[in-house]
Every structure is written in C-alpha cells, then in structure tokens.
Amino acid sequence: MNINPFDLSVSDFVAQSAKWCMEFSIPEDYPYDLKVEIADRVLFDAGTDKFEQIADEAGIWIEQERTRLGEVLPTFSTHADYIVRTEQWRDEFKIPQFLPYTEQVRIADEVLRTLDRAKYAGMLSTAGEWSQKESANLDAGQPFDGWKEQIRRQLLQIQKGKYLMIYLPYGAGNFRIEQGTLTSVDWNKGTVLLHNTVYNRDETVAIDNIQSIDESRSGSGALGSVQTADLRLVGSDWYRGNTKL
C-alpha cells in the first residue's frame, strides 16, 4: 500500500513505532494496513490521557516526515527546469504538464541533448540567467504543491486494471469516492479514467481534485463497511473473529 506522507495520522505513527507496537501487542511483521487498523482500535480504547500523550509524539513525527520529504525534492535551477516552467518551451517540446514535476524535468533534460545549439542559443542563454537567479534565491517558492506531486507520483506507479478508491473533496470537510479499475491516465488533460464495475460505466476524475488514493481494496462494494470480523485482543494475541492472526 502506498502511504501519502501528507495525510499521516496518529495510527500511522503507532504502526511505525516499535515502542508503541510493543506496548499494544501489535506484531511488527503484520501488513502495514492491518497494523494501522489495530492501532485505530487500541487508540480508541486507550483513554483520553494516553491518546493525548501519543498524539503529542505523533505530531512531532509527522512534522519530521514532511520535512524529510521536502529535503529530497529537487532544486529548481537547471536548464531543464527552465523549459518545464516556461509554457512556450514546455509546449514546444510537448511535455505533459500534469506529469510529476521530476518526470517533466527528466523529459526536458533528454530533449536538451538533441537540440541544435545554434537554433536555441538564445533560449539557452536566457535559461542560464534564470538558473543563476533561481540558485541565488534560496527562498524561491516551489513550482508545485507537494501533496499534489505525491498524488501524481503515486499514479505514475499504478498499473492499469488496478482497483482504486479515489477520494475527492465534497463540501466543507467531506469527501466523495469514485471507484473502479484504472483504465488510463491522460497526463496532458490531467485526468484519470476509471471503469466502475458496479454500474459498468466509465468515470473521469481530475488529478488536481484528488485528495488521496486507496489501492488496498480488490473489488466493488468498497463504499460500504469492510465485511470482516472484529479485531479483538485475547491475552497477548490478536484474533479476527475466532481466527488467531
């Protein structure tokens, strides 16, 4: 399962903490989504004081994770960055604007190697000046939203035919869900095409509207509750219904 680092929760923190997994008897070799599910249950039963203690630790961890993500994002100061961030040249080289930013830069870099330097000497000179200015401006804003970049990177890795639940904003603080098998991603138009297997019809979703993508389900009916027995702790062992995990 892909984990969106911009949508981490206290349960994610517990699932990734050896200390809290041990305290709550959550085996570290369990699948990640099962550990999060167990963490949800034990946090609910832990009481307000315990939850607030864990939530304080989780807040620090979540901030560190987001900082760590930011540190690995690229520096925007190359000729390829200039092409990607200049609409004229991005259109000239037919670089899809809804691809992840790093993928656009990779394509631009490949195109640069095939250019007639005499023809594009003016462009390269301008790009050089832009690069120096960007490198000197350490406070320059990033050219894309980090959360949207993560959604695009996730989409880039999902194979066609994968069953997806896509969460979209709906009103104040609410979400609606589009679900089905992935048919295609149009990086030029910025859309995802799903085939709804319940109603046998196609649904189009705008990439920039996606809040999160759940790849963990395997078929229709995901809008309702998952039809599995409750988790329960017996001694130091976890059971689902009468089955020991």
How much solvent-accessible surface does M22 expose, in Å² to the nearest 10, with a 1.4 Å probe and all protein chains in place?
150 Å²
Sort 45-57, 78-90 by packing, meaning the average of other beta carbons within 10 Å per residue, with the highest value first.
78-90, 45-57
Largest first, how would F44, F175, F93 line up by accessible area (1.4 Å probe)?
F44, F175, F93
Which links in K19/K244; K94/K148; K50/K162; K35/K189; K94/K162; K160/K244 stretch past 30 Å when you go from one Cα to the other?
K50/K162; K35/K189; K160/K244
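The values are calculated or read from the model by the stated rules, or taken from the named source; none is laboratory data. Since we're looking at a predicted model, the values are computed, not measured. All Cβ positions, glycine included, derive from the backbone under ideal geometry; neighbour counts span all protein chains shown. Each accessible area value is taken on the protein alone, full model and side chains, heavy atoms only, with ligands, DNA and RNA left out. Shrake-Rupley method; radii C 1.70, N 1.55, O 1.52, S 1.80 Å.
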